[in-house]
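Please read the structure below before turning to the comments.
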Amino acid sequence: MLARIIQAVVVAAVVFLACILLGAILGQLGIPIASTVGGFLSQYAVAIGVLAGLWHFFAGGSLFGRGA
């Protein structure tokens, strides 16, 4: 149970950082739709990260395969 909580927190942090990075990259492209998507990702990175962590926890995901 504790391992699943830790894994969910790690997943949430990685997704948060990926959204921030991808949002910044897309925002700098200068293409209107890419800038819009990049702004959305940057603005809602926390919510997306938390949702990904919750999904990982409740779906029973494991970073180490089925045995962990």
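Values in this text are rule-based calculations from the coordinates and carry no lab data. Quantities reported herein were computed from a predicted structural model and do not represent experimental measurements.
Relative to the longest principal axis of the Cα atoms of the chain, helix 45-58 runs at roughly 20 degrees. So for the chain, considering every pair of alpha-carbon atoms, how many percent are separated by more than 19 Å? Cα-Cα pairs in the chain separated by more than 19 Å: 40 percent. In plain terms, the chain from R4 to I25 could stretch by 4.4 nm, reckoned as 0.36 nm per residue minus the Cα-Cα distance. Between the Cα long axis of helix 32-43 and the first principal axis of the chain there is an angle of about 40°, rounded to the nearest 10.
Within the listed set V50, V37, V11, the residue fluctuating most in the Gaussian network model of the chain (springs between alpha-carbon atoms under 10 angstrom) is V37. In the chain, helices alone account for a calculated mean residue ellipticity at 222 nm of -25500 deg cm²/dmol, with every DSSP H run of four or more residues adding -39,500 (n - 2.57).
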